[in-house]
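Shown next, in structure tokens, is the structure this report addresses.
Bear in mind that the values in this text are calculations on the coordinates, not laboratory data. Every value quoted in this text rests on a predicted model; they were computed, and no experiment measured them. FYI the Cβ positions are ideal-geometry reconstructions off the backbone, even for glycines, and counts take in every protein chain you see.
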Amino acid sequence: MQITLSHHSIRLLKWLSVLLVVKVIVFTLYSYRNYFPPNFEVPFLLGRQSYFFGQYSWSFYAHLASGPTTLVLGLILLSDRFRGRYPHGHRILGRIQVGMILFVLVPSGIGMSFYALTGILAGVGFATSAIATGVCAILGWRAAVRRKIQTHRLWMLRCFAILCSAVVIRIIGGMGTVYGWDAPWVYQASAWISWLLPLALVEVHRNIQLVQPLSQSDS
Ligand code: HEM
């Protein structure tokens with residue numbers, strides 16, 4: 001199925017998405033006041049005191065540092081304007097991004113997924129999304145090294161889409177508060193929906209942008 005949208009609508013959608021991601025980053029950073037030092041009265045840390053000060057705290061703080069950083073770097077790296085003006089900067093930030101995803105965000109996400117608030121189904125959802133992020137980052141990096149630029153863009157877009165699970169899960173959480181969806185299954189489902197939905201949107205986006213198909217040599 002091919003969807004047609006005007007150039008202006010696509011630009012508007014892009015800017016609205018950027019604003020949404022920035023808003024979630026700002027709100028997330030604001031919530032850090034409860035994590036430095038840890039306040040075990042807030043919902044996310046409630047009941048975690050018994051195991052917090054061990055491996056969990058390492059994963060947790062590594063995650064707090066790498067999560068927003070990779071989202072911000074993702075926004076910069078996806079910007080055509082930035083890449084056009086600063087190709088060297090794009091390469092340096094790209095290396096930092098791939099290193100941070102593979103060595104900090106993915107391991108910390110997997111470490112925390114063993115203790116997911118609502119159990120194993122949510123935990124497996126988070127761990128799978130962590131692995132998928134790492135795979136997209138590796139394939140995107142490999143394509144860049146081989147100068148397969150369209151393939152590189154596609155894998156990095158997929159990688160960023162999964163990073164945006166942090167945004168989607170907070171939107172679902174906010175809607176849950178407004179509409180009173182407080183059943184555990186909502187949270188468990190959101191651990192999966194939050195990354196599968198943006199990934200599906202990337203595939204729809206590819207259909208919208210059929211004017212720039214992958215060339216034979218680049219697929
Ligand atoms: C693939 C990428 C990611 C994975 C696999 C992942 C995984 C997780 C897991 C398993 C938890 C604990 C959930 C629970 O116990 O129920 C968590 C919490 C958290 N994540 Fe991520 N995450 C990812 C990306 C991000 C990003 C990009 C951010 C940036 C905003 C982020 C920020 C946080 C924060 C701040 C928490 C603590 C809870 C809160 O305050 O909401 N994560 N993440």
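Quick notes
Residue-wise test of (1) in contact (Cβ under 8 Å) with a residue 40 or more places away in the chain; (2) more than 9 Å from the ligand (Cβ to nearest atom); (3) in a helix (DSSP H, G or I); (4) in contact with a helix residue (DSSP H, G or I) (Cβ under 8 Å, 6 or more places away or on another chain).
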residue: Leu12; (1), (2), (3), (4): no, yes, yes, no
residue: Leu16; (1), (2), (3), (4): no, yes, yes, no
residue: Leu20; (1), (2), (3), (4): yes, yes, yes, yes
residue: Phe40; (1), (2), (3), (4): no, yes, no, yes
residue: Phe52; (1), (2), (3), (4): no, yes, yes, yes
residue: Ala65; (1), (2), (3), (4): no, yes, yes, yes
residue: Leu71; (1), (2), (3), (4): yes, no, yes, yes
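- The stretch 83-131, residues that are more than 15 Å from the chain's Cα centre (by Cα), of a type in the set (Phe, Trp, Tyr) and within 11 Å of the ligand (Cβ to nearest atom): Phe114, Tyr115
- Hey, Leu77 in contact (Cβ under 8 Å) with a residue 24 or more places away in the chain, within 11 Å of the ligand (Cβ to nearest atom) and in a helix (DSSP H, G or I) or not: no
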